[in-house]
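Colleague: My questions will all concern the structure given below.
Only the coordinates and a few stated rules stand behind these numbers; no lab work does. Note that the structure is a prediction, hence the values are computed from the model and not measured. Reconstructed Cβ throughout: ideal geometry from the backbone, glycine too, with neighbour counts over all protein chains shown.
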2 protein chains.
Amino acid sequence: MTINTEIITHNISFFRKQKNWTQQELADKLKISRSVIAKWENNIVTPDIISLIKLSEIFNITLDHLVGNDSFRHDILKEFKRVYSSKTTPFDDEVIELIEFLMTNPTLKQEVQRIKNLPLKKQQSIQTVLSELIDQFEKI
Amino acid sequence: MTINTEIITHNISFFRKQKNWTQQELADKLKISRSVIAKWENNIVTPDIISLIKLSEIFNITLDHLVGNDSFRHDILKEFKRVYSSKTTPFDDEVIELIEFLMTNPTLKQEVQRIKNLPLKKQQSIQTVLSELIDQFEKI
DNA sequence: CGCATAATGTTCTAATTAGGAACATTATAC
DNA sequence: GTATAATGTTCCTAATTAGAACATTATGCG
């Protein structure tokens with residue numbers, strides 16, 4: 001995937017207009033100069049991460065949404081983005097299933113919690129062993 | 001909400017270690033100098049948005065998680081609660097924490113999903129072994 | 001249309017900041 | 001305890017940014 005700043009800067013313009021704000025209004029909210037906004041929107045300058053986070057809050061969208069990051073499409077988290085931007089949509093089945101699976105499997109839930117409480121190195125070791133273990137059971 | 005870069009740079013360090021990579025390995029993946037990684041992790045320099053997006057892809061997490069975007073997190077949790085209260089299922093805060101844990105830990109998440117897809121008997125076997133495994137690591 | 005002014009775009013400058021290479025320190029393995 | 005891997009730091013150069021001032025374009029209204 002090729003990443004460029006064009007989408008990001010274009011999105012800033014898009015979401016500002018969606019809110020019906022002028023560059024000056026947005027600049028005031030961020031307490032920066034208006035000309036900076038103009039340069040962001042025309043992709044002359046790329047906003048720093050702090051400004052982007054503030055923008056995502058002001059626009060009430062996720063950072064991933066703001067920067068047009070869809071690389072995690074195959075991840076569970078992609079749905080969170082969707083849910084976040086349209087509250088009427090139910091949760092993704094995958095997420096719900098994972099939750100319900102853990103809620104209905106106290107044993108495994110507890111084990112995950114125990115893993116969660118271990119130091120990182122030990123977590124990694126367990127994951128390595130576990131991966132092998134599952135491999136074997138999948139093969140049987 | 002106060003935003004600072006500390007969380008971001010700390011997270012880079014955290015997720016790199018979670019993957020068991022050296023700074024050099026991460027630098028190679030990003031095709032940049034290792035010293036830059038070091039400066040990121042020590043909050044001497046703040047990575048630009050393009051690098052952050054690449055990092056989120058490499059770490060396989062969302063940008064929001066990488067930068068520790070809390071406002072996003074709260075909204076997600078609200079959604080969980082909404083969905084679950086409407087299902088009259090008792091809402092379990094512990095599960096939320098687990099989901100959070102799994103979201104920032106793609107490897108383990110995947111393993112749980114694999115377990116979920118196994119037949120019950122095999123699930124139980126794995127849980128038994130896993131329990132013993134965790135025991136040992138907790139004792140060390 | 002033609003004017004006023006709101007909105008946006010661009011240029012210039014000063015200052016900050018990032019990145020890489022080299023060097024310094026700390027951690028780890030044997 | 002030493003060798004080496006891993007990480008931290010400094011110095012330098014190059015690139016980037018924010019703001020102010022100025023230029024252009026868009027919009028509303030008589």
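Colleague: How shielded is A:111-123 by partner chains, expressed as the average number of their Cβ atoms within 10 Å of its Cβ atoms?
Modeller: 6
Colleague: Between their Cα atoms, which of A:LYS116/B:LYS122; A:LYS39/B:LYS39; A:LYS54/B:LYS31; A:LYS121/B:LYS17 are more than 19 Å away from each other?
Modeller: Pairs exceeding the cut-off: A:LYS116/B:LYS122; A:LYS39/B:LYS39; A:LYS54/B:LYS31.
Colleague: Taking beta carbons within 10 Å but only from partner chains, what does the mean come to for residues B:51-58?
Modeller: 4
Colleague: To continue, here is another question. How many Cβ atoms of partner chains, on average, are near each residue of A:39-50 if near means within 10 Å of its Cβ?
Modeller: Taking the mean over all residues of the peptide, I get 2.
Colleague: If you place +1 on the Cβ of every Lys and Arg and -1 on the Cβ of every Asp and Glu, how big does the dipole about the Cα centre of region A:5-71 come out, in debye to the nearest 20?
Modeller: 300
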